[in-house]
Amino acid sequence: MRYPLFRLAIFILGVAFPAWWVYEAAANLLGPDPGKILVDRLGLGGLIFLLVSLAMTPLQRVTTWAGWIVARRQIGLWACAYIGLHLSAYLVFILGLDWGQLTVELSKRPYIIVGALAFLGLLVLAATSNRYSQRRLGARWKKLHKLTYPVLGLALLHFLWIVRSDLTEWAIYAGIGALLLVLRVPAIAKRLKRTRGRAASRAV
Ligand code: HEM
């Protein structure tokens, strides 16, 4: 296994946050509605992991360090795991597993449908992120994994629908997302590579 320490650090980070939040909930440190706080933190955590996974390719282009690409899949899987927990926390703490309420909830909170579509996309990405799918799908794999961009768009729309009034926090995440997408535009990606080339030749 390549870069074991880096991968271990990501694993510890992925486990540590939910473990800490569960501890806070158990110790009554999350206020009067701990379930809602857990839903929000897991949702935000999932979005952050998704953005970090998108930062891996530009980082690799600038630094040439292959570890970023090795970590990309793991970080994407954490995004999916956090959103799986986000959905579970919603079903347990907000819906109270009252399935009869689900249709009422969906009409009251249509942003849930947008979130669910984003989660479906994340599941497809996670299920096809392994080497076997990469080999089987060949050139189509790259195309399929461009699904990350609409997933990010849907996730940001889901978030925007919820915040409505104070847009500051949302704008920060949307701005980072937009920047990460701009860095993938072929002309800009090429420039990033050239910058790296110049830096390397100056170093020798
Ligand atoms: C079936 C899928 C999903 C369901 C049922 C769902 C449900 C919810 C609910 C009920 C909230 C709290 C709304 C409120 O504050 O009133 C929420 C917030 C949030 N969700 Fe989702 N969501 C889903 C998918 C996603 C996905 C895919 C992402 C991102 C990748 C995401 C990111 C967020 C964020 C960032 C928040 C706001 C957190 C905050 O206010 O700090 N959710 N979601």
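The values are calculated or read from the model by the stated rules, or taken from the named source; none is laboratory data. None of the values given here were measured: they were computed from a predicted structure. All Cβ positions, glycine included, derive from the backbone under ideal geometry; neighbour counts span all protein chains shown. With ligands, DNA and RNA removed, areas are computed over all heavy atoms of the protein, side chains included. Shrake-Rupley method; radii C 1.70, N 1.55, O 1.52, S 1.80 Å.
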What nm distance separates the two modelled labels at Leu123 and Trp170, each placed 7 Å from Cα along Cα→Cβ? 2.6
Quick one: net charge around Leu181, please, counting Lys, Arg +1 and Asp, Glu -1 for every other residue with C-beta under 15 Å from its C-beta. +3
Rank these residues by their accessible area, most exposed first, probe 1.4 Å: Trp99, Trp65. Trp99, Trp65
Need one number: nm distance between label points at Met1 and Trp141, each 7 Å from Cα along Cα→Cβ, rounded to one decimal. 2.0
Any idea how far apart Asp33 and Arg184 come out in nm if each label point goes 7 Å out from Cα toward Cβ? 3.4
Highest-first arrangement of 179-190, 30-41, 69-80, where packing means the average Cβ count within 10 Å: 69-80, 30-41, 179-190
Among all lysine pairs in segment 4-203 that are eight or more places apart or on different chains, how many have alpha carbons less than 25 angstrom apart? 7
To the nearest 0.05, how large is the calculated FRET efficiency for Thr64 and Thr103 if R₀ is 45 Å and r is the Cβ-Cβ distance? 0.30
Dimensionless Rg ratio for segment 22-109, taking C-alpha atoms and the 2.2 N^0.38 Å reference: 1.41
Given contacts defined as C-alpha pairs under 8 Å and at least six residues apart, what's the relative contact order of segment 4-203, whole-number percent? 23
Can you tell me the alpha carbon radius of gyration of the chain divided by the globular rule-of-thumb value 2.2 N^0.38 Å? 1.14
Length released on extending from Trp161 to Ile12, taking residue separation times 0.36 nm less the Cα-Cα span: 50.5 nm
Looking at segment 85-183, which trypsin sites (Lys or Arg not before Pro) are DSSP coil and have at most 16 other C-beta atoms within 10 Å of their C-beta? Arg164
